[in-house]
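Enquirer: What follows is a structure written as structure tokens; I'll ask about it next.
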Amino acid sequence: MSTTLKRHQLFIGGKWSDSSGGEDQEIINPATGKVIAHVPKGTAEDVDRAVAAAKKAYDEVWFDTTPRERSEMLLKLADVILEHGEELASLESENVGKPLATTLSEEIPPTADCFRFFAGAARILEGKSAGEYMKGFTSIIRRESLGVVGSIAPWNYPLMMAAWKLGPALAAGNTVVLKPSEWTPMTALRLAELAAGIFPAGVLNVITGDG
């Protein structure tokens, strides 16, 4: 089974766009040596655009979301991953050059479960009392999101690695710019497409290209 993306573009601010540099690069199935796709070769300018989109989404939308809201969106993403499991496994198999059956059985369920785990974690973030060190004052620990998180994923388990990076960052209230491996970007792009109907624009951005 061979599956191709509908779009081979960068995903920035909830929209698909070409690289500012205008260059593409070949994506090769290492098991066959065949070119299976062309994706944009992102530039520093594209990264700046993605960071700006993520910062805008953080300031205007994501920072004020409640743990329940983030949790529910992560659970929806987990459901969508399972719903499109065969397609994602096919993309992963073709892009990484690994057997389809084991990809479907051993990688798709843990990927969905990762988002479910952090959906639960999002609802148990807490502040703790650190004690009374001065009379009349109580010190506490307050957990706050950082803002925009940049994540770089390796080539060998592209979808699971993306989930491991996205899950905790989104659960904690951060927005993300994800850069998958230049060799295996296909499932990260499809994941962004699936997530577009769940998360506000700019919360998740994907830049393809060299390291």
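Enquirer: Rounded to the nearest 0.05, what FRET efficiency do residue 44 and residue 135 have when you use their Cβ-Cβ distance and R0 = 45 Å?
Expert: Values: r = 53 Å, r/R0 = 1.18.
For R0 = 45 Å, the calculated efficiency reads 0.25.
Enquirer: May I pose another question? Just to confirm my numbers, what's the Cα centroid distance between segment 145-163 and segment 73-89 in Å?
Expert: 17
Enquirer: By how many nm would the segment from residue 144 to residue 66 grow when fully extended, if each residue of separation counts as 0.36 nm and the alpha-carbon distance is taken off?
Expert: Working: separation 78, 0.36 × 78 = 28.08 nm, distance 1.20 nm.
Extra length available between residue 144 and residue 66 comes to 26.9 nm.
Enquirer: Report the local net charge at residue 107: Lys and Arg +1, Asp and Glu -1, summed over other residues whose C-beta lies under 9 Å from its C-beta.
Expert: Details: positive: 98; negative: 92, 106.
Every neighbour counted, the sum reads -1.
Enquirer: Considering only DSSP beta bridges with both partners in segment 118-211, what is the antiparallel share in %, to the nearest 5? Could you put the intermediate results ahead of the total?
Expert: Working: 4 of 12 bridges.
Restricted to segment 118-211, the bridges split so that about 35 percent are antiparallel.
Enquirer: Further question: Of the listed pairs 56/76; 15/98; 15/179; 41/76; 56/165, which have alpha-carbon separations greater than 28 Å here? It would help to have the intermediate numbers written out before the result.
Expert: Numbers: 56/76 23 Å; 15/98 30 Å; 15/179 16 Å; 41/76 30 Å; 56/165 20 Å.
Flagged as over cut-off: 15/98; 41/76.
Enquirer: Positive end of the charge dipole of the chain (Lys, Arg +1 and Asp, Glu -1 on Cβ, about the Cα centre): tell me which of 61, 82, 51 has its Cα farthest that way.
Expert: 61
Enquirer: Right, here's the next one. Whenever you get a sec, compute what percent of the accessible area on segment 1-136 sits on carbon and sulfur atoms (1.4 Å probe). Please report the intermediate quantities before stating the final value.
Expert: Values: 4100 of 7720 Å².
Carbon and sulfur together cover 53 percent of it.
Enquirer: May I pose another question? In Å³ and rounded to a whole number, note down the convex hull volume per residue for the Cα atoms of segment 160-211. Display every interim value, and only then the final one.
Expert: Working: hull volume 3.8 nm³, N = 52.
Taking the convex hull of the Cα positions in segment 160-211, it is 74 Å³ per residue.
Enquirer: So, one more: How would you order 174-184, 43-53 from highest to lowest mean count of nearby Cβ atoms within 10 Å?
Expert: On the way: 174-184: 22.8, 43-53: 17.7.
Per-residue Cβ counts within 10 Å, averaged per peptide and sorted highest first, yield 174-184, 43-53.
Enquirer: Let me ask something else about it. Can you give me the C-alpha center-to-center distance between segment 176-211 and segment 23-56, rounded to a whole angstrom?
Expert: With segment 176-211 and segment 23-56 each reduced to a Cα centre, they are spaced 9 Å.
Enquirer: Next question, about the same structure. What does the net charge come to around residue 84 if you take all other residues with beta carbon closer than 11 Å to its beta carbon, with K and R at +1 and D and E at -1? List each step's numbers first, then the result.
Expert: Working: positive: 190; negative: 79, 83, 86, 87, 193.
With Lys, Arg at +1 and Asp, Glu at -1, the net is -4.
Enquirer: Find out how many positive minus negative residues lie around residue 160, taking Lys and Arg as positive, Asp and Glu as negative, among other residues whose Cβ is under 13 Å from that of residue 160. Don't skip to the answer; put the middle values down first.
Expert: On the way: positive: 98, 165; negative: 92, 106, 107, 113.
Overall, the nearby charge balance is -2.
Enquirer: Ordering 193, 69, 26, 92 by accessible area with a probe of 1.4 Å, largest first, what comes out? The partial results should precede the final answer.
Expert: Working: 193 35, 69 70, 26 105, 92 5 Å².
So the residues, ranked largest to smallest area, are 26, 69, 193, 92.
Enquirer: Here is a further query. For residue 137, what accessible surface area do you get with a 1.4 Å probe? Give it in Å², rounded to 10.
Expert: Here the accessible area works out near 130 Å².
Enquirer: Now for a separate question. For the chain, what does -39500 (n - 2.57) per DSSP helix run (n ≥ 4), summed and divided by total residues, give at 222 nm, in deg cm²/dmol to the nearest 500? Walk me through the numbers on the way to the answer.
Expert: Values: 7 runs with 88 residues, N = 211.
That calculation yields -13000 deg cm²/dmol at 222 nm.
Enquirer: Let me ask something additional. Given 10 °C and 1.306 mPa s, compute D for the chain with the Stokes-Einstein relation, Rh being the Kirkwood radius over Cα pairs; round to the nearest whole µm²/s.
Expert: Numbers: Rh = 17.8 Å.
Here the translational diffusion coefficient equals 89 µm²/s.
Enquirer: Okay, moving on. Relative contact order for segment 89-192 using alpha-carbon pairs under 8 Å, separation at least 6, rounded to a whole percent? It would help to have the intermediate numbers written out before the result.
Expert: Details: 132 pairs, mean separation 29.7, N = 104.
That works out to 29 percent.
Enquirer: Also, I was wondering about something else. Relative to the longest principal Cα axis of the chain, at what angle does helix 108-121 sit, 0 to 90 degrees, rounded to 10?
Expert: 10
Enquirer: Okay, next question. For residue 55, go through the aspartates and glutamates and keep the ones whose alpha-carbon is under 16 Å away, minus same-chain ones fewer than eight residues off.
Expert: 45, 46, 64, 144
The values are calculated or read from the model by the stated rules, or taken from the named source; none is laboratory data. Because the structure is predicted, anything quoted here is derived from the model rather than measured. In this analysis, Cβ positions are derived from the backbone assuming ideal geometry, glycine residues included, and neighbour counts consider all displayed protein chains. Accessible surface areas use protein heavy atoms only, side chains included; no ligands, DNA or RNA. Shrake-Rupley method; radii C 1.70, N 1.55, O 1.52, S 1.80 Å.
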